[in-house]
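The values are calculated or read from the model by the stated rules, or taken from the named source; none is laboratory data. Remember, it's a predicted structure, so these values are computed and weren't measured experimentally. In this analysis, Cβ positions are derived from the backbone assuming ideal geometry, glycine residues included, and neighbour counts consider all displayed protein chains.
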Amino acid sequence: MEMNYIIEILLTAGIGVITFFLKRTIDELDTCKRNIAKIKEDYITKEDFFREQNENHRKLDRIMDILLEVKGEIGNG
């Protein structure tokens with residue numbers, strides 16, 4: 001009878017340890033999934049980045065053209 005109690009206690013402890021590590025692993029996976037979802041929401045794609053960079057370059061080119069035009073008018077005037 002005493003041997004049955006020891007076996008039951010060992011099985012219960014083993015199941016408890018397995019449950020603890022399984023729950024911890026599942027919680028870590030859930031956290032990773034939430035972080036990945038947040039990253040997908042917050043960050044832009046490579047194509048969007050290049051498109052924005054090209055737009056900024058066009059704006060800077062227009063500014064430079066205007067500045068050169070104004071400088072030319074001042075120099076000639």
(message) Looking at the structure I just gave you, is ILE6 without any contact (Cβ under 8 Å) to a residue 60 or more places away in the chain and not in a helix (DSSP H, G or I)?
(response) no
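When you go through GLU69, GLU2 one by one, which is the residue that is at pLDDT below 95 and surrounded by 10 or more Cβ atoms within 10 Å (Cβ to Cβ)? If you could, list the steps in order and put the result at the bottom.
On the way: GLU2 fails: surrounded by 10 or more Cβ atoms within 10 Å (Cβ to Cβ).
Selected residue: GLU69, the only one of GLU69, GLU2 that is at pLDDT below 95 and surrounded by 10 or more Cβ atoms within 10 Å (Cβ to Cβ).
Output yes when any residue across the range 49-57 is among the polar types (S, T, N, Q), modelled with pLDDT of 95 or more and more than 25 Å from the chain's Cα centre (by Cα), and no when none is.
Step one: of the range 49-57, the residues among the polar types (S, T, N, Q) are 53-54, 56.
Filter once more, so that each one left must be modelled with pLDDT of 95 or more: 53-54, 56.
Those still in the list that are more than 25 Å from the chain's Cα centre (by Cα) too: none.
No; the residues of the range 49-57 include none that is among the polar types (S, T, N, Q), modelled with pLDDT of 95 or more and more than 25 Å from the chain's Cα centre (by Cα).
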(request) Please work out if ILE44 is outside any helix (DSSP H, G or I) and at pLDDT below 95. (result) yes
